[in-house]
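The values are calculated or read from the model by the stated rules, or taken from the named source; none is laboratory data. Since this is a predicted model, take the numbers as computed values, not measurements. We place every Cβ from the backbone using ideal geometry, glycine too, and count neighbours over all the protein chains shown.
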Amino acid sequence: MFPFVAPRAHYARPIRRILILARESSPTADIYLDDRLRGAGVPVERADVRAVGRAGAGDDPATLLTDGTFVIVVRYLTRRAASALRGRAEALAGVAYLMDDDMPHAWRSPGLAWPYRLGLAARWLETRSTMAGLVSEVWLSSDGLMGLHGHLPGVHRLDPLFLEPPRRPLRVFYHGVSSHEGDALWLRPVVADVQARRDDIVFEIIGSKAVARAYAGIPRCRVVPSMNWPDYISATAAGGWDIGLAPLAPTEFNAARSHTKFFDIARSGAAGIFADQGPYRAVVGDGHNGLLRPHEPDAWRDAILMLADNPDLRRAMAAAALATARELDRRERDNPLFARFFSAPSAD
């Protein structure tokens, strides 16, 4: 085995700041430290350990390691970062080392692939040699690690925290074919305005290349090409949508449309915002199974933002829309136009 690092360093400064040294994307730092230190009585910062001390990286040790900084090293410590810590040792309030795997023994574990074993062993050897005389305490993540190294003074147990799942962004969609290109382009300033005000909404627009060019540059917005009907039915029925949009420019062509987009939005499980004209006035009760809005961008922007802030209303509207869709379906199935096909005599 490779010997463990003994926490022998001593620091006298009071803690005025906490600095987490970890790789840029570190699950260990997220799971063990970030939530635990949120709300600490001193500033908490995080830096990529690989950038510390590297020329041109922007992490100047004198700026990074200010007086009273308590440093938490997560898993790995590079030689450059260790040199920076040594150069500022008199200013530090402490150096803790957090380890959540048995890195000293990983090289001889038959359950690990050789490339991983060798890589982990190399990083451990570098870390162990660089931490000599720097570490004032060690934090270990399991009973197994404590059984191996817990006899050393300054070694402590640290359990992981449960990370709440991140809040899913709200999903808003407008799905149209080539004959809806004008409506998709009309929505463009509405979408841009919403995205300038919010960072928790994503839009999906089905549209042509011209529509894709128009929406280019709007954050968290994607334009996808039209899909065949079976794929579209599957995509909308998969759920996960929050708000569906059905604008309708006041044109002669649009005046002849039916309310099929009401069904598309109801099928998706979303709350719908519909043009206050044409086919939607007959099936949408404003505020009950959808919202009816005039052909004005500000009205549509405000409706999207209002629904985004009211999840209970969204769910109630979506449920009411689905009930309406099923009732309309039931009525239409009784259309007498088709009765003759079911009452026709069978052929002998």
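Numerical summary
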{"read-out": "In the range 182-205, the residues that are among the small types (G, A, S) and either in contact (Cβ under 8 Å) with a residue 12 or more places away in the chain or surrounded by 16 or more Cβ atoms within 10 Å (Cβ to Cβ) (or both)", "value": "G182, A184, A192"}
{"read-out": "Residue in the range 117-136 that is within 17 Å of P27 (Cβ to Cβ), in contact with a strand residue (DSSP E or B) (Cβ under 8 Å, 6 or more places away or on another chain) and among the aliphatic types (A, V, I, L, M) present", "value": "no"}
{"read-out": "Flag if A266 is buried (at least 20 other Cβ atoms within 10 Å of the Cβ), farther than 16 Å from V190 by Cβ and touching a helix residue (DSSP H, G or I) at 6+ places or on another chain (Cβ under 8 Å)", "value": "yes"}
{"read-out": "Members of the range 234-265 that are assigned to a loop (DSSP other than H, G, I, E, B), free of Cβ contacts under 8 Å to residues at least 60 places away in the same chain and either closer than 15 Å to H295 by Cβ or not assigned by TED's automatic domain parsing to the domain that holds D302 (or both)", "value": "P250, E252, R257"}
{"read-out": "Segments classed as helices (runs of 4 or more DSSP H), wholly inside the range 70-155, with at least 1 members that are β-branched (V, I, T) and in contact with a helix residue (DSSP H, G or I) (Cβ under 7 Å, 6 or more places away or on another chain)", "value": "114-131"}
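Residues checked against (1) touching a strand residue (DSSP E or B) at 6+ places or on another chain (Cβ under 7 Å); (2) surrounded by fewer than 16 Cβ atoms within 10 Å (Cβ to Cβ); (3) not in a helix (DSSP H, G or I):
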residue: L292; (1), (2), (3): yes, no, yes
residue: W300; (1), (2), (3): yes, no, no
residue: I304; (1), (2), (3): yes, no, no
residue: R314; (1), (2), (3): yes, no, no
residue: T324; (1), (2), (3): no, no, no
residue: L337; (1), (2), (3): no, yes, no
